[in-house]
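For reference, the structure discussed in these notes is given below.
The values are calculated or read from the model by the stated rules, or taken from the named source; none is laboratory data. If you're wondering where the values come from, they're calculated on a predicted model, not measured in any experiment. All Cβ positions, even for glycine, are placed from backbone atoms using ideal geometry, and neighbour counts span all protein chains on display. Each accessible area value is taken on the protein alone, full model and side chains, heavy atoms only, with ligands, DNA and RNA left out. Shrake-Rupley method; radii C 1.70, N 1.55, O 1.52, S 1.80 Å.
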Amino acid sequence: MRHLLTPRYVFDAATDITPAFLLEHGIRGCLIDLDGTLVSRHQPTGNDHLVQWLDSLRAAGIRPMLLSNNNGNRVRIFAESIGVEWQGRALKPLARGFRQGAARLGLPFSQIAVIGDQIYTDTLGGNRLGALTCYVETIDRSDFWIGARYHLLESAFIRRAKRRNEHGN
């Protein structure tokens, strides 16, 4: 079970994941979490930096798509602000939402990166289906419950992934 909860890669922010990195790993599409991953859960729309990053993915032939457990209205409004496809109420880590996202991208999981800030939803779901999992530090670090989740439940898996990456495994 430990391997399912350990992300393949760890980044400080989603926008640190370059198109070159993704292409190097055979990635042609991304299922990207919204709240805590791309923006704070309190931010209703995207920003120029985020749009530039998404444009760089598209220019490299990589299709980005939001995959969120949040309600459809929240995800739709945000997705429209940045011009990206979306799937709300994904029920991560269950396979259904991931499979729907992969079908909409028209790609096998071996060509999809799952990018998110939660081990027990994004990483677990992506690893179970064979996607490349990229954990990013949550934007909402100051939220008490998110900090507690990280320190009590997720930090050991993140440290394990960082050690594995440092040693090239």
Segment Leu91-Arg164, extension gain: residue separation times 0.36 nm, minus the distance between their alpha carbons: 23.4 nm
Computed FRET value (nearest 0.05) for Arg41 with Ala20, which takes r as the C-beta separation and R₀ as 30 Å: 0.50
³J(HN,Hα), Karplus 6.51/-1.76/1.60, whole Hz, each residue of segment 62-68, x for Gly, Pro: 9, 8, x, 8, 6, 10, 10
Computed [θ] at 222 nm, helices only, for the chain once each DSSP H run of length n ≥ 4 contributes -39500 (n - 2.57): -11000 deg cm²/dmol
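Where the accessible area of the chain is counted over protein heavy atoms with a 1.4 Å probe, how much of it, in %, is carbon and sulfur? Don't jump to the answer; show the numbers that get you there.
Numbers: 4340 of 8050 Å².
Roughly 54 percent of what the probe reaches on the chain is carbon or sulfur.
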Theoretical FRET efficiency, 1/(1+(r/R0)^6), r = Cβ-Cβ of Ala60 and Ala156, R0 41 Å, to 0.05: 0.75
Relative contact order (%) - the chain, alpha-carbon pairs under 8 angstrom, separation at least six: 32 percent
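Sorted by accessible area (1.4 Å probe), largest first, how do Trp86, Trp53 line up?
Largest accessible area first, the list is Trp86, Trp53.
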Local net charge near Pro93, Cβ-Cβ under 9 Å (Lys/Arg +1, Asp/Glu -1): +1
Rounded accessible area per residue of the chain, 1.4 Å, Å²: 48 Å²
Shape category assigned to segment 1-142 from the gyration tensor of Cα positions, a/c cut at 1.5: rounded
